[in-house]
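One structure is given here, and the rest of the page talks about it.
The values are calculated or read from the model by the stated rules, or taken from the named source; none is laboratory data. As the structure is a prediction and not an experimental result, all values here were calculated from the model. Every residue, glycine as well, gets a Cβ built from its backbone with ideal geometry; the counts of neighbours run over all protein chains shown. Note: areas computed on protein heavy atoms with side chains; ligands, DNA, RNA excluded. Shrake-Rupley method; radii C 1.70, N 1.55, O 1.52, S 1.80 Å.
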Amino acid sequence: MSTVLEQIEQQIAKLSTKSVKKNTGNIRTIADGVAKIDGLSDVMYNEMVQFPRGAIGIALNLEEDEVGCVILGDIAGLKEGDEVTTTGRLLSVPVGKALLGRVVDALGNPVDGKGPIDAKETYPVERIAPGIIERKSVSQPLFTGIMAIDSMIPIGRGQRELIIGDRGTGKTTIAIDTIINQAKINKVGLASGDPKFRPVYSIYVAVGQKNSNIVRTLGALEAAGALEFTVIVAAPAADNPANQYLAPYSGAAIGEWFMENGMDALIVYDDLSKHAVAYRQISLILKRPSGREAYPGDVFYLHSRLLERAARLDGKGSLTALPIIETLAGDVSAYIPTNVISITDGQIFLETDLFNQGTRPAVSVGLSVSRVGSAAQIKATKQVGGKLKGELAQFRELAAFAQFGSDLDAKTKAQLDRGGRIVELFKQPAFRPIPIEQQVVTLWAMQKGYYDPIEIKKVTAAAVSLREFFVTRKDALLTEIRTKAALDKDLEAKLQAAVDEWKSTYAG
């Protein structure tokens, strides 16, 4: 009896007599993942709203007599008249190194069956982008491992480079190659024990994709040993539009943790066309007025506030963004493509015709640009690839002109021949990024005319043979190129001797 009395006394002692102010309301209508709520007078924009049975909503429409909420999670158990309460908190996601190697949903919950994530911190999903004073100019290279991009359209840490093209032209492949290349560089750098080395951690955000595609991407990263440096945020096509709308912002918050803590991160948004469609769906259900192509008026702000969060910060780290946009029939003048082109620091344009001709990656040199330019290149790449973009653009013009005239002078024939060899040289299989020192060797041999006697169709095979020769027999020279990052007379002499040696053994 005494123990029961003690328990009652303890409960009385714990009893709080303070009045707790709770802002509650009731669901008026619920449809398509959106609830209209009565009575939430003190709710804030983007505040989390607690629904029954553990569901969470975000207040997106604050009207005079009702609040429009998008609901995250399962809405099957919710009905008209259910009571909802405000939480006083903005939506946050777990962040930190504990997420590396994991697949999470738009709220940061694990969906890979590997158990809970031991994250110590959370970051709000929506954050104001860093200001001008905090930012530092982009000057450190971020190597993609794709020779055509690293030599002609270089990407720097903290840059936002758009990957744009029609469906099935290899946009995701370029992004995955870049993530795999970061993992390879990380492994080499961490093994070297260099205190100045800064690894790049990757975040891949899949928006509105088929589950099978996400699994294929996951498999490619796992096979390449890149998953341990990568976080995958998945909001597949089967998810409701609210999750697809939130996923890129959650990914940005995860990337910002690395940037704020003096590390470098790379984030891929695959893709923002589907993200805009999900936001349009939410906006139309919330009865917001629609504008061009039925998108709401703030669709530009939707992507600008997301992409501006990528930066290189003074005294901290960097967040590099590779947004992906899908065009229809190569139309870059459509609403969403022009919006994102105007926000980003350049674009890599992939052409369907080039892809169908077998030029893969199908990068259109004429339409692609990097607004950071050679500031994000090492000196060695500038030395061997400085003239390539001009030569290739000239080749494309001449090739179009040569179709109409059979009688070509020797100079034009020589330019066409060289251009054809450069095109072959840049062909590269998927998920096999080339380290920067091997790229320098390959392009140096092109610059010095070592591929000129070789039949055009065999140039790709010759370049592969040259790289294999260097990896197996001249590894010390490759390491010297990587560490010096510039070609001096001594290094050029060693390079010439090594390439001459390869040439004497190559039977192609």
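Cα-based values for segment 355-508, radius of gyration first and Dmax second, are 16.2, 49 Å. Entry comment: accessible area of segment 346-474 is 49 Å² per residue, from protein heavy atoms only and a probe of 1.4 Å.
Compute the acute angle (0 to 90°) between the alpha-carbon long axis of helix 211-223 and the principal axis of greatest extent of the alpha-carbon atoms of the chain; round to the nearest 10°. Orientation of helix 211-223: about 60 degrees from the principal axis.
Proximity of backbone amide H atoms, modeled 1.01 Å from N, is registered between Arg360 and Gln428 at under 5 Å, excluding neighbours fewer than 5 places apart on the same chain. Here segment 322-374 has 51 percent of its accessible surface on carbon and sulfur atoms, given a 1.4 Å probe and all protein chains in place.
By the rule of a C-alpha distance below 24 Å, with chain neighbours fewer than 8 residues away ignored, the lysines paired with Lys36 are Lys21, Lys22, Lys79, Lys287. Residues with beta-carbon under 10 Å from that of Leu322, excluding Leu322: net charge, scoring Lys, Arg +1 and Asp, Glu -1? Every neighbour counted, the sum reads 0. The alpha-carbon atoms of segment 316-388, seen along their principal axes, cover 38, 36, 17 angstrom, with the largest extent given first.
Pairs of Cα atoms nearer than 8 Å and 6+ residues apart set the relative contact order; for segment 181-302 it is 28 percent.
Dipole magnitude for the chain: about 1240 debye, using +1 per Lys or Arg Cβ and -1 per Asp or Glu Cβ, origin at the Cα centre. Of the solvent-accessible surface of segment 181-251, computed with a 1.4 Å probe over protein heavy atoms with every protein chain present, carbon and sulfur atoms account for 57 percent. Accessible surface computed residue by residue for segment 113-226, with neighbouring protein chains in place and a 1.4 Å probe, gives 43 Å² per residue.
Residues within the reach of a label modelled at Gln50 (point 7 angstrom out along Cα to beta-carbon, backbone nitrogen below 15 Å), restricted to segment 57-78, are 57-58. The lysines within cross-link reach of Lys97, meaning a Cα-to-Cα straight distance under 22 Å and a gap of 8 or more places when in the same chain, are Lys114, Lys120, Lys184, Lys187, Lys196, Lys316.
Rounded, prolate or oblate, given the Cα gyration tensor of segment 1-133, with a/c below 1.5 counting as rounded? It comes out oblate by the Cα gyration axes.
When a 1.4 Å probe is rolled over the protein heavy atoms, the share of accessible surface on segment 422-471 that falls to carbon and sulfur comes to 54 percent. Hey, what angle do you get for helix 2-14 against the long axis of the chain, alpha-carbon based, 0 to 90 degrees rounded to 10? Result, in degrees: 70.
In terms of accessible area, using a 1.4 Å probe and ignoring ligands and nucleic acids, Ser374, Ser273 rank largest first as Ser374, Ser273. In this view, the solvent-accessible surface of Glu351, computed with a 1.4 Å probe and all protein chains in place, comes to about 60 Å².
When you restrict to C-alpha pairs under 8 Å that are six or more residues apart and normalise by the size of the chain, the relative contact order lands at 15 percent.
For segment 190-205, the Karplus equation 6.51 cos²θ - 1.76 cosθ + 1.60, evaluated at θ = phi - 60°, returns couplings of 5, 5, 6, x, 5, x, 7, 5, 10, x, 10, 8, 10, 10, 10, 9 Hz by residue, with Gly and Pro reported as x. The three principal axes of the C-alpha atoms in segment 280-414 carry coordinate ranges of 65, 45, 21 Å, sorted with the longest axis first. Let me know the shape class of the chain, please: from the alpha-carbon gyration tensor, a ≥ b ≥ c as square roots of the eigenvalues, rounded when a/c is under 1.5, otherwise prolate if a/b is greater than b/c, or oblate. Prolate, since a/c reaches 1.5 and a/b exceeds b/c. Listed by chain and number, the lysines whose C-alpha is less than 16 Å from the C-alpha of Lys474, apart from same-chain residues fewer than 8 away, are Lys484, Lys494, Lys503. Among beta bridges identified by DSSP and lying wholly in the chain, the antiparallel ones come to about 55 percent. Computed extension length for Glu501-Val332: 56.1 nm, one decimal, from 0.36 nm per residue of separation with the Cα-Cα distance subtracted.
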